[in-house]
Amino acid sequence: MCEPVYVQLIRGTAVMTTAPPTPPRTDAAAFVAALRRLKAWSGLSYRNLERRAADAGHSLPYSTAATMLGRERLPREELVAAFVAACGIRGSEAEAWLDARTDIACGPVPEAAAPTDAVSTGTAPVISAPVVAAPARTRSRRTRWTLAVAAALVTALLGGATASAGAFTDDEEKVLETPVSARL
């Protein structure tokens, strides 16, 4: 079987290149690293990726692409589709990138047991899914700092409101008597 040949247009010239990187199905950090390798493989700038995504019918602002590749979080599916299309990946290879992203986000699809096992034993097939530990949710330092400042602000405002509430209300009502003119 022949290995496919990849031809890329680089600065208007057709260049034969190696195969593009394949998407990993392990974790978000490895997936984003593979997206970075795909960008390097394409040889395109962020502005050129934006133009090529628009030509393919997608929206991928250059700043969004740069931010996506600068983080370790799993990007949204529509961003992956736009980025892969902008890099020149089409068809089943593009689907492989989207499938890998879905597997990382949702966990792999469990494989069904072979039907011959159920026939030979006379019992229903047992489908076992691999145990996948959910990643611990961690908040960034900025998010924790923002939450701490917001909690301190709310506490200060509520504490000030309850302390000053006593200054505006008296326990005893004072009635001032003023002389009233009998002639009105």
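No lab work stands behind these numbers, since they all come straight from the coordinates. None of the values given here were measured: they were computed from a predicted structure. With ideal geometry, Cβ positions are generated from the backbone for all residues, glycine too; neighbour counts draw on all protein chains shown.
Below is a table of values for the structure above.
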| read-out | value |
| --- | --- |
| For region 91-102, Karplus couplings with θ = phi - 60° (6.51, -1.76, 1.60), whole Hz, Gly/Pro x | x, 5, 5, 5, 4, 4, 5, 5, 5, 5, 4, 5 |
| Cα gyration tensor category, rounded, prolate or oblate, for region 22-89 with a/c compared to 1.5 | prolate |
| Packing rank of 29-42, 65-78, where each peptide gets the mean count of other beta carbons within 10 Å, highest leading | 29-42, 65-78 |
| In Hz, Karplus ³J(HN,Hα) per residue of region 29-41 (6.51, -1.76, 1.60; θ = phi - 60°; x = Gly, Pro) | 5, 5, 5, 5, 4, 5, 5, 4, 5, 5, 5, 5, 4 |
